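All of the numbers you see were taken from the coordinates with simple rules; none came from a lab. Note that the coordinates shown come from a computational prediction; the quantities given were computed from them, not determined experimentally. Note: ideal-geometry Cβ built from the backbone for every residue, glycine included; neighbour counts use all protein chains shown.
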Amino acid sequence: MPLSQIDATPQHHSPEAAYVLGVRVDRLSQRQALDSIEQIIAQWRASDYAQVCQQIVTANPEFVMEAQHNKDFRTAINAAALSVADGMGVVWATRYIGRPVPERVTGTDLLPELARRCAVAGYRFYLLGAAPGIAEGAGARLQELAPGLAIAGTYAGSPAPNEEEEIIERVRAAHADVLCVAYGAPAQNLWIWRNLARLPVAVAIGVGGAYDFLSGRQQRAPVFLRKMGLEWLYRLYREPRRWRRMLALPRFATRVILRGRKNHDA
Ligand code: UDP
């Protein structure tokens, strides 16, 4: 189905979503986001798997800056079922414009919590993306954190369009409810967006580097740094090659301030 035919009206976000530089951020706590995702999965099952797949986005300042010139990415975020505030920069921006989110909701934290709920409800995970072997490691860790979780399948693959058909068939054969996609932003979110109408799952979530953290391939910042809002600094220290990408942060802050203390409409 062409993208233009997909109903781009987000259905689950709070009516008072914040818009930061035209990018939607839902004002939900982690718990509310999880409730919402669980509800989407329950509805999908109740619809006998007929409901169209819903995208969950974890927005950080790099997403917002990319969305300034990448219109498809911006549309994908603004039409998502949920767009949560991953990244302290986004949390700060929602406060600055007077529409604060209750807390930061990262993909890396959301995943084990969602896994716990899915283990209880019997919903199945498919882990797509990352380097070969990493999704398997992440799946094993998720099963430790969420005993009883069914990992329907794992596959590295790539976001190249000529692999889409095969990947979707793999996911279909696995009978999964939740599809996690780790191809980095914006590739993972655009991959989900252009395949949304034919993805055989209830929800698809772009999870960035979450498998690398879960599998132990990358070390996450200590809790005290996360609490101080400095996880980005630790990531820069661990992966200095990211410095160019991280210039998005000061550029983001400058643009937010210049745009002013009001909701930045879409
Ligand atoms: N990745 C991949 N294929 C690609 C690009 C990225 O599998 O073509 C994976 C990469 O191995 C990593 C994940 O995507 O596990 C996220 O990458 P990155 O940390 O750069 O993304 P971010 O979290 O910063 O968006």
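Things to note:
- Ala160 paired with Val120, simple spin-label distance in nm, labels 7 Å along Cα-to-beta-carbon: 4.3
- Each of Thr154, Thr58, Thr108, Thr75 was scored by other Cβ atoms within 10 Å of its Cβ. Arranged with the fewest first, they read Thr75, Thr108, Thr154, Thr58.
- Shape call, the stretch 209-266: gyration tensor on alpha carbons, a/c limit 1.5: prolate
- Angle between the chain longest axis and helix 30-46 axis [Cα atoms, degrees, rounded to 10]: 30
- Counting only DSSP beta bridges with both residues in the chain, the antiparallel share comes to about 10 percent.
- Whole-Hz ³J(HN,Hα) from phi, Karplus 6.51 cos²θ - 1.76 cosθ + 1.60, for the stretch 219-225, glycine and proline x: 8, 7, 4, x, 4, 5, 5
- Shown for Met88, Met228: other C-beta atoms within 10 Å of each C-beta, ranked fewest to most, produce the order Met228, Met88.
- Taking amide H as placed 1.01 Å from N in the peptide plane, Gly153 has its amide H under 5 Å from the amide H of Leu127, each at least 5 places away in sequence or on another chain.
- Taking amide H positions as modeled 1.01 Å from N, with prolines and chain starts lacking one, the residues under 5 Å from Val57 and 5 or more places away or on another chain are Leu82, Ser83, Val84.
- Karplus-derived HN-Hα couplings along the stretch 205-214 (A = 6.51, B = -1.76, C = 1.60, θ = phi - 60°), whole Hz, x at Gly and Pro: 10, x, 10, x, x, 4, 5, 5, 6, 4
- Estimated dipole of the stretch 26-135 in Debye, rounded to 20 [Cβ of Lys and Arg +1, of Asp and Glu -1, Cα centre]: 160
- Leu199 long-range amide H proximity, modeled H, under 5 Å: Cys53
- Sequence-ordered 3J(HN,Hα) estimates for the stretch 134-146 from the Karplus curve with 6.51, -1.76 and 1.60 and θ = phi - 60° stand at 6, 4, 5, x, 5, x, 5, 5, 4, 5, 5, 6, 10 Hz, glycine and proline given as x.
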